[in-house]
Amino acid sequence: MGVTGSVDQRGRVLPVGGVNEKIEGFFEVCRAHALTGTQGVVIPESNVRNLVLGEDVLEAIAQGRFFIWPISTVEEGVELILGEPAGTSTEPEDDAAAFRYPERTVYGRVERRIARLRQLATPPRG
């Protein structure tokens, strides 16, 4: 999977330049190694309107041998790449002791792992 783009501080995926060339370049690499039907490119949703792709790329997309996955947020990218929910905050941010994300989400696992590492790094009292 190829990914192109940049992200602002709120997790919104921003448009990029040269999106057609980036897609076609990655397509050529994939085609040189054989299209498997699992390859594709993650691009900013805002770039979809700029797409002008070659016939070979369009044909591969139509045949389900290559994909373009447009996303608008980091969460969409996390879910697409990892294949599971990113997680939505459920607790107010002012309660630092509470977990904010559901346990069975990417962000929930990350949050719990960080809490465990923090616990391991804190010397025992007494």
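Read-outs: derived from the displayed coordinates by stated rules, not from any lab. This one's a predicted model, so the numbers in the text were calculated from it and none came from an experiment. Cβ placement follows ideal geometry from the backbone for every residue including glycine, while neighbour counts extend to all protein chains displayed.
Obtain the nm distance between the two label points defined at Leu117 and Gln63 by a simple spin-label model: each point lies 7 Å from its Cα along the Cα-to-C-beta direction.
Spacing of the two 7 Å Cα→Cβ label points: 4.4 nm.
What is the dipole size for the chain, taken about its Cα centre, with +1 at each Lys and Arg Cβ and -1 at each Asp and Glu Cβ, in debye to the nearest 20?
620 debye
For Met1 and Ala32, compute 0.36 nm times the residue count separating them, minus their Cα-Cα distance, and round to one decimal in nm.
9.7 nm
Could you work out the Rg to Rh ratio of the chain, with Rh taken as the Kirkwood radius (inverse of the mean 1/r over all Cα pairs)?
Ratio of gyration radius to Kirkwood radius: 1.14.
Which one, Ala115, Gly64, Phe27, is farthest towards the positive end of the dipole of the chain when Lys and Arg carry +1 and Asp and Glu -1 on their Cβ?
It is Ala115, whose Cα lies furthest towards the positive end.
Antiparallel as a % of all DSSP beta bridges within the chain, to the nearest 5?
Percentage antiparallel, nearest 5: 30.
Once label points are set 7 Å from the Cα along Cα→Cβ at both Arg104 and Leu82, what is their separation, rounded to one decimal in nm?
1.5 nm
Just need the relative contact order of the chain here, percent rounded to a whole number, with Cα pairs under 8 Å and 6+ apart.
The value is 20 percent.
Run the helix sum for the chain: -39,500 (n - 2.57) per DSSP H stretch of 4+ residues, divided by residue count, reported at 222 nm to the nearest 500 deg cm²/dmol.
The helix-only estimate for the chain comes to -11500 deg cm²/dmol at 222 nm.
Under a GNM of the chain (C-alpha, springs under 10 Å), which listed residue has the highest mean-square fluctuation: Ala86, Ala60, Ala115?
Its mean-square fluctuation being the largest, the pick is Ala115.
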